[in-house]
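Some notes on the structure that comes next.
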Amino acid sequence: MSFSKAVDLLRLAQMAASRRGGVSLGDICEEFGVSHRTAQRMTEAMELVFANVTTSDAEDRRKYWRLEAPPPERLQARQETAIEALEIAARSARDQSRLRHAQALDDLRDGLMARLTPRDAFRTEADAEAVLAGLGHVMRPGPTVAMRPELTDAVIEALRGPFRLRIIYGSADAAPRVVEPHGLLLGHRSYLVARQPARSETILNFRMDRVFVAEVMDESFTFTSGFVLEDYAAKAFGVYQDPAQYGEVIWRFAPEAAERAAEFRFHPTQVLELQEDGSLIVRFKAAGWLEMAWHLYQWGDKVEVIAPAGLRALVEGYRRPDFDALP
């Protein structure tokens, strides 16, 4: 058996041990990019090497292979990538004040480290630290708002229920509000997405940096029918939600800016259309003209707003021709 085939066999054994229902030939073909016949050979090799392989036939009439116990520790692959991924995720969770999630990720990392021999653990930790030291973030101007961990934990706990939240919002002496949380939008400025029944059935955004108190109530509620946080967020170009502004947005980038603009993800629903003259049309549906205008300014006169008319009027007269570089 070649070295590469041995590595693939170990990967297959780990898949068969970690998936509750086991793995099918289709799973193997997709994971390893191999033919049906090669997948059959891999299962035969796994049955030959490991004594604890079982098979079962599922309701979908497919055969599944499962390893009843994971391979011995000495056969497990090195954990550098997993350790790095967990530490990066934990770092991100701490930056967003999701301390409970950060602690859970740290516990997973420690569990992986505990399974290694002292020699391998030392090497893995050193390698992970070297990679993490070489990772940085490109700084962008913007607000640096630190969320309070107790508020984030309260929102996450309420979403699990789901339970209503009693919040003090706007100022420390404001009257309490009872809201029904539907999600948490994380970014340079984070927002609690919630419904305030006493006000209306409309979904609203509450800035987390303006929430002074958040208490989970012992009262459950039902999510708005059909609500999907990802779809809701996509209705805005940035964060601002305005049904009156929501509609089709069409921008035309000049030929000299088309290649650069094609690299951008302006919106999750965007459609790019390259024109015969080399220009690029970008289409999507969203609201938030002011946030769009802030972004469009940096493109100078290399972008033209075709629709909507309100946005076109907002940027008229501010398309400069003297910028030395594109975004």
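The values are calculated or read from the model by the stated rules, or taken from the named source; none is laboratory data. Keep in mind the model is a prediction, meaning the values are calculated, not measured. Here Cβ is always computed from backbone atoms with ideal geometry, including for glycine, and neighbour counts include all displayed protein chains. The protein model used for the area step is the full one, side chains on, heavy atoms only, and it has no ligands, DNA or RNA in it. Shrake-Rupley method; radii C 1.70, N 1.55, O 1.52, S 1.80 Å.
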query: What are the residue pairs meeting all of these: first residue in the stretch 302-327, first residue without any contact (Cβ under 8 Å) to a residue 12 or more places away in the chain, second residue of a type in the set (Asp, Glu), Cβ atoms under 9 Å, and 6 or more apart or on different chains?
result: Arg312/Glu304
- prompt: Which one of these does Val193 not meet: (1) open to solvent by less than 60 Å² (accessible area, probe 1.4 Å); (2) β-branched (Val, Ile, Thr); (3) more than 24 Å from Lys235 (Cα to Cα); (4) out of contact with any Lys or Arg (no Cβ under 7 Å at 6 or more places or on another chain)?
  reply: (3)
query: Which of the residues belonging to the stretch 170-183 are modelled with pLDDT under 95, assigned to a strand (DSSP E or B) and open to solvent by 30 Å² or more (accessible area, probe 1.4 Å)?
result: none
- prompt: Of the conditions (1) in contact (Cβ under 8 Å) with a residue 40 or more places away in the chain; (2) among the acidic types (Asp, Glu); (3) out of contact with any helix residue (DSSP H, G or I) (no Cβ under 8 Å at 6 or more places or on another chain), Asp231 fails just one. Which one is it?
  reply: (1)
message: What pairs come out if I take residues in the stretch 175-187 that are at negative phi and pair them with residues that are charged (D, E, K, R) whose C-beta lies under 6 Å away, six or more apart or interchain?
response: Pro176/Arg166; Val178/Arg164; Val178/Arg166; Glu180/Arg164; Glu180/Arg195
task: Return yes or no: is Val213 aliphatic (A, V, I, L, M), in a strand (DSSP E or B), open to solvent by 40 Å² or more (accessible area, probe 1.4 Å) and modelled with pLDDT of 90 or more?
output: yes
- request: Six or more apart or on different chains, Cβ under 9 Å: which pairs go from a residue in the stretch 106-126 that's under 18 Å from Ala90 (Cβ atoms) to one that's part of a helix (DSSP H, G or I) and of a type in the set (S, T, N, Q)? Could you list them?
  value: Leu112/Thr124; Met113/Thr124
field: From the options Glu230, Glu256, Glu219, Glu201, residue that is within 30 Å of Pro321 (Cβ to Cβ) and of a type in the set (Asp, Glu)
entry: Glu256
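Just a yes or no: is a residue in the stretch 196-209 assigned to a strand (DSSP E or B), open to solvent by 50 Å² or more (accessible area, probe 1.4 Å) and within 18 Å of Met147 (Cβ to Cβ)?
Within the stretch 196-209 (the criterion being assigned to a strand (DSSP E or B), open to solvent by 50 Å² or more (accessible area, probe 1.4 Å) and within 18 Å of Met147 (Cβ to Cβ)), the answer is yes, since at least one residue qualifies.
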message: Quick check on the stretch 61-70. Is at least one of its residues closer than 24 Å to Met113 by Cβ and modelled with pLDDT of 80 or more?
response: yes
query: Which of the residues belonging to the stretch 184-195 are within 24 Å of Arg94 (Cα to Cα) and not in a loop (DSSP other than H, G, I, E, B)?
result: Leu184, Leu185, Tyr191, Leu192, Val193, Ala194
- prompt: Can you pull out the helices (runs of 4 or more DSSP H) entirely within the stretch 242-327 that have at least 2 residues that are open to solvent by 90 Å² or more (accessible area, probe 1.4 Å)?
  reply: 255-262, 289-297
statement: In the stretch 216-240, anything within 16 Å of Gln196 (Cα to Cα), open to solvent by less than 80 Å² (accessible area, probe 1.4 Å) and part of a loop (DSSP other than H, G, I, E, B) is listed as Phe221, Thr224, Phe227
message: If I go through the stretch 5-37 residue by residue, how many of them are closer than 20 Å to Arg61 by Cα, β-branched (Val, Ile, Thr) and surrounded by fewer than 17 Cβ atoms within 10 Å (Cβ to Cβ)?
response: 0
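Out of Ser200, Ser225, which single residue is out of contact with any strand residue (DSSP E or B) (no Cβ under 8 Å at 6 or more places or on another chain) and closer than 19 Å to Leu159 by Cβ?
Answer to the selection: Ser225.
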